[in-house]
Amino acid sequence: MTWLWGIPLLAGSVGALNFIIRRGLAAPRIVEMERPEGLPWLEVKVPTANDKSLYGWFIPAGAGRPALVVMHGWGGNAEMMLPLAAPLHAAGYSLLLVDARCHGRSDEDSFASLPRFAEDIEAALAWLAGRPEVDPQALGVIGHSVGAGAALLAASRQPAIRAVVSLAAFAHPAAMMRRWLASMHIPFWPLGAYILAYVQRVIGHRFDDIAPCNTIAKIGCPTLIVHGLEDDTVPVAEARQIYAARTSEAVELLLVPGSHDDYGDLVQQVGLLSDFLDRAFR
């Protein structure tokens, strides 16, 4: 019966491995250092799932104007999306830039994930719909990277969303995870395969169900997929993969100069975004 002693040892080893995985995949928390100076911004707290709150900046553009939730990517914060704020506000859009849970100045939670980013986007949309300055029938979302995947997931289940702009979304979480495993020199079998299975168990969703290349087929509102041609983090082929899986003629693909976080002449690209949004909300 000495083999029974191996059971708690094995359980302890698995528990330690799971702890290492969660620590290794946790998003870094970077707190904002700047504010949307020069704009009529308000610091706000937005209630979200699990009785948590999101930190954000609300920038109203006038009564009855369309409003956009702006969501950063993994390890980001609202400040990193500020280059979009002034030109979009000047174009007549109210904006709500928020930090996802476990990011920036928002509340901590047990973990962050693409589905939780989507929950936070939906919470931000509900908050906007209750503001007297906002037309609740004219709400949209702009997201970057994981935030873009979350925007597409939210739009696939929230028909009230009128427009989505996806910046540098990956096509499938499993492919993104496998690139990360390769960068860390972690063999896929057996350790990498275990990590992917463990992550899906923790977040409570199968990767196939939340993958942008699958959720795009459930979106009917105007959607703009934007991707940098020099993106080394998410290959531009993944933007084409998402676009190819569309079922609506309202989905557009825009490939621009730039990397994962830099789209070259940002003012010019924001002009293209505002043109798309004007058509979407018209």
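Taken together, the values in this text are just the output of simple stated rules run on the coordinates, not laboratory data. Bear in mind the structure is a predicted one, so any value in this text is a computation, not a measurement. Ideal geometry is used to build each Cβ from the backbone, glycine not excepted, and the neighbour counts take in all protein chains shown.
Angle of helix 193-203 to the longest C-alpha principal axis of the chain, folded into 0 to 90 degrees and rounded to 10: 50°. The GluC sites (Glu not before Pro) found in the stretch 37-134 that occupy coil by DSSP, while having at most 16 further C-beta atoms within 10 Å, are E37, E108, E133.
Set Lys and Arg Cβ to +1 and Asp and Glu Cβ to -1, take the dipole of the chain about its Cα centre, and tell me which of P187, A168, P40 lies farthest positive. It is P187.
Backbone phi angles across the stretch 41-58, fed through the Karplus curve with coefficients 6.51, -1.76 and 1.60 (θ = phi - 60°), yield HN-Hα couplings of 8, 10, 7, 10, 10, 10, x, 9, 5, 6, 6, 9, 10, 9, 7, x, 10, 9 Hz in residue order; Gly and Pro are listed as x.
Relative to the longest principal axis of the Cα atoms of the chain, helix 6-25 runs at roughly 20 degrees.
From most to least packed by mean Cβ count within 10 Å, the peptides 237-247, 191-201 give 237-247, 191-201. Taking every C-alpha pair closer than 8 Å and separated by at least 6 residues, the mean separation divided by the residue count of the stretch 142-204 gives a relative contact order of 27 percent. Return the FRET efficiency for the residue pair A129, F19: r is the Cβ-Cβ distance, R0 is 51 Å, and the value is rounded to the nearest 0.05. Here the calculated transfer efficiency is 0.80. Scalar couplings 3J(HN,Hα) for the stretch 209-216, obtained by applying the Karplus form with A = 6.51, B = -1.76, C = 1.60 to θ = phi - 60°, are 6, 10, 5, x, 5, 9, 5, 4 Hz; x denotes Gly and Pro. Between T247 and E43, the modelled labels are 4.5 nm apart [label points 7 Å from Cα along Cα→Cβ].
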